[in-house]
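The next block holds one structure in the form of structure tokens; read it before the comments.
The values are calculated or read from the model by the stated rules, or taken from the named source; none is laboratory data. This one's a predicted model, so the numbers in the text were calculated from it and none came from an experiment. Glycine gets a Cβ as well: all are built from the backbone with ideal geometry, and neighbour counts include every protein chain shown. Just the protein is used for accessible areas: all its heavy atoms, side chains included, with ligands, DNA and RNA removed. Shrake-Rupley method; radii C 1.70, N 1.55, O 1.52, S 1.80 Å.
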Amino acid sequence: MTTFFFGIVIFLIVLAVFDLIVGVSNDAVNFLNSAIGAKVAKYRTIVIIAAVGVFAGAAMSNGMMDVARHGILTPQYFSFYDVMCVFLAVMVTDVILLDIFNTLGMPTSTTVSMVFELLGGAFAIALIKIVSGATDAAGTLLTMGDLLNTEKALSVIIGIFLSVAIAFVLGTLVQWIARVIFSFTYRVNGTTTDISGETGNLMSSSLKIGIFGGIAVTSIIWFLLINGLKGSTIMTPELKALVNENTVIILGGGFVIFSAMMTLLSAFRLPVLKFVVLLGTFALAMAFAGNDLVNFVGVPLTGLEAYNDFASNGNGDTSSFMMTSLMDSAKTPIVYLILAGVVMVFALVFSKKAQNVVKTSVDLSRQDEGDEMFGSSAVARILVRNTQKTATVISSIIPDKVGKWVDSRFNHDASVLAEGAAFDHIRAAVNLVLAGLLVAIGTSMKLPLSTTYVTFMVAMGSSLADRAWSRESAVFRITGVLSVIGGWFITAGAAFILCYLMTNVLYFGSSVAMVVAICLAIFLLIRSNIKFTGEPKDSEADITFKQLIRSKDKTERWALLKQHVSICTREQMQFSADCYRRITDAFLHEEYRPLRHATHEIETARKQLKRQRRRDIIGLRKIDPILGVEKNTWYFLANSAMEQMIYCLKRINDPCREHIGNNFTPVSPEYSHAFFGFQKNVLTIFDMCIDNTGAYSATQIRQTAEALQKRLSNYHKEVIDSMQRHTVNIESTTVFLNVIQETQLLLSSIRHAVRGLDKFGCM
């Protein structure tokens, strides 16, 4: 049995490597989103700086927090078998849970997941002990308060509410003040963000940037002292006391020195704001690695220490040997920390999931309009309506001159962002500095603020203050934010429930259940990574739309808009042709599976068409207004026709699916043989629409479709006449007639779409 548990410990350590990879992929958003969103440097440079911070934070950490040892459970009342069941359940649940969130591109909290998994697992064992009548050394029955330390979980829950609310409000307020001071057109690094090229006064701009940089650098240095190095080996008690006793001197002196330095550097046209953003990235990465390392390797290393204690003193009795040794504080060898740092660096550099999670956060906070990742929800719509009403009331109170002046400070159309940037350097610096300050203040007040919550909500608040959420995009952005916040709370509940169930299975299933759980975890991890590796890259339409959004020339925008509409239309036409062929073939050949798959594919195509329309409307607003009004009608004619094609396919598929699914009588071979000729002609017309060589004119396509419509109409009458002359199956013939009728409507939709596209300029 000792050998078996040694294997369990080895698996926990191996799983910790996966946990490090998954955890870094999840938490990369904490320190990468601002630098990447502002394009302060190449992605490789940003990742290298963050990687150095991650390694430094991991290597200088003095070990794990004691959460895994005695922060949640009271180990003196838990046997070796009990804690091994809990630790294995925690690790299996943690990797699977975080991997699911990362694959969905949703940031979550490793702190919350680990704490609630430990709480769920410990709660399961505690219930078992209470039911079985477990007692302490004096013979007193143990209670839940004796077995569990619920304060840690409660403090995390409080931290969730505090970090979400405070970070969002302060992010909004601080960014609003910063934008009023700087506006979107400021002089920095010898250049200007003003689209007209006006640079402004060098002295005043350098002074503003210098003071802003001084505040930022001082805050970041303070954040490093308070949070990033709080658990490091170089932060001795004497040095910590020195920092605490001289807080005012450090902050005041740092502000004066760094402000003067940054003003001088700005006057010499050096990249002050880029330096601030990169320094903030390093600081957050370092603090993340030093403070959150316990979330990834604390449980496995605690399991290793528990095994060593059991192997030395347990005498092979796993159920009666109590883990009193875990009541002591952890002392982790430096080699483990260095190895963990190496794994985290490799995960950060090579993880595709890290890029996906960062994309979610950056996309929700970008300045420009663009493709929205999320739909709209009822809650978001209510919030937007009420906020607009409140804003109207406030605007009526503010004097007109003040309101106009403030509006002039938020005119982002007068500025130019770096190529591919989602927002400017001012907002990136505010995001990093404010996030660092909030975490540092929370740490000094012993409030467990999550770095994930703080950084994400500060970014959302600053984007709101920057008026990045327009009336056209606010409902989608708010839905996205609510989805992410909901994911955080779901993490807590899911972690607790899953780990509670997993612990019960392992406890009562013993070695067999443990082996099965290990195999299940390995299988799910491998499948998830293979699945994610196969994610497609940006399509041609995605690339074209990004170029359209970034372009400043209206003529170029019009050309890109036509190109985007043309690409998307051909994709929709190709889908409609393939789907029509599969549906009709499946109906006539009595194949149910293609019809079932077509139901989901049609719904996906409908959502894709809606997404395309939202993109194209954004494009129409960016071209010349007169041209936009002229082309608007024809675009919506074509788009509505494309939408009708989707509904035609649905109206064909649903009756066919029901008919074949119920194994009703098939269509007469005489009818099906004749229909295949019409099907071939319909697909030929689709091919004419998809062809981009210019071989077929819009008039030619429309005339061909109209002629085929007449032939189908005649055939429809022939089938009805045949029903009256011969005995046929009414159910199958009725469905067949519906296919013919909807095919006519499909051809009509093609004609309208081609006409609209021709007038729009895409044929």
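Which members of segment 263-291 meet the condition of being more than 35 Å from the chain's Cα centre (by Cα) and open to solvent by less than 10 Å² (accessible area, probe 1.4 Å)?
Hit for segment 263-291 is SER266, nothing else.
Here are some residues: LEU326, LEU337. Which one is within 20 Å of THR110 (Cα to Cα), crowded, with 17+ Cβ neighbours inside 10 Å and either hydrophobic (A, V, I, L, M, F, W, C) or modelled with pLDDT under 85 (or both)?
LEU337
Filter segment 394-426 down to residues that are of a type in the set (Asp, Glu) and farther than 15 Å from LYS552 by Cβ and give me whichever is least open to solvent (accessible area, probe 1.4 Å).
Filtering segment 394-426 for residues that are of a type in the set (Asp, Glu) and farther than 15 Å from LYS552 by Cβ, the one least open to solvent (accessible area, probe 1.4 Å) comes out as ASP424.
Quick one: in segment 584-606, which of the residues that are touching a residue at least 24 places away in the same chain (Cβ under 8 Å) and closer than 20 Å to ILE567 by Cβ is least open to solvent (accessible area, probe 1.4 Å)?
Among residues in segment 584-606 that are touching a residue at least 24 places away in the same chain (Cβ under 8 Å) and closer than 20 Å to ILE567 by Cβ, the one least open to solvent (accessible area, probe 1.4 Å) is ALA605.
Looking at ARG581, is it free of Cβ contacts under 8 Å to residues at least 40 places away in the same chain, part of a helix (DSSP H, G or I) and open to solvent by 60 Å² or more (accessible area, probe 1.4 Å)?
The answer is no for ARG581.
Assuming ARG614 fulfils every condition listed in (1) within 15 Å of ILE646 (Cα to Cα); (2) within 24 Å of the chain's Cα centre (by Cα) apart from one, which condition is it?
Of the numbered conditions (1) within 15 Å of ILE646 (Cα to Cα); (2) within 24 Å of the chain's Cα centre (by Cα), the odd one out for ARG614 is (1).
Taking helices (runs of 4 or more DSSP H) that fall entirely within segment 115-228, which contain at least 3 residues that are modelled with pLDDT of 75 or more and aliphatic (A, V, I, L, M)?
Passing ranges, in order: 150-182, 202-223.
Looking at segment 741-755, which of its residues are surrounded by fewer than 19 Cβ atoms within 10 Å (Cβ to Cβ) and of a type in the set (A, V, I, L, M)?
Residue satisfying the conditions is LEU745 alone.
Conditions tested, residue by residue: (1) at pLDDT 85 or above; (2) within 30 Å of VAL512 (Cβ to Cβ); (3) of a type in the set (A, V, I, L, M); (4) surrounded by fewer than 20 Cβ atoms within 10 Å (Cβ to Cβ).
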residue: MET1; (1), (2), (3), (4): no, yes, yes, yes
residue: PHE4; (1), (2), (3), (4): yes, yes, no, yes
residue: GLY37; (1), (2), (3), (4): no, no, no, no
residue: ALA58; (1), (2), (3), (4): no, no, yes, no
residue: ILE72; (1), (2), (3), (4): no, yes, yes, no
residue: CYS85; (1), (2), (3), (4): yes, yes, no, no
residue: LEU88; (1), (2), (3), (4): yes, yes, yes, no
residue: VAL92; (1), (2), (3), (4): yes, yes, yes, no
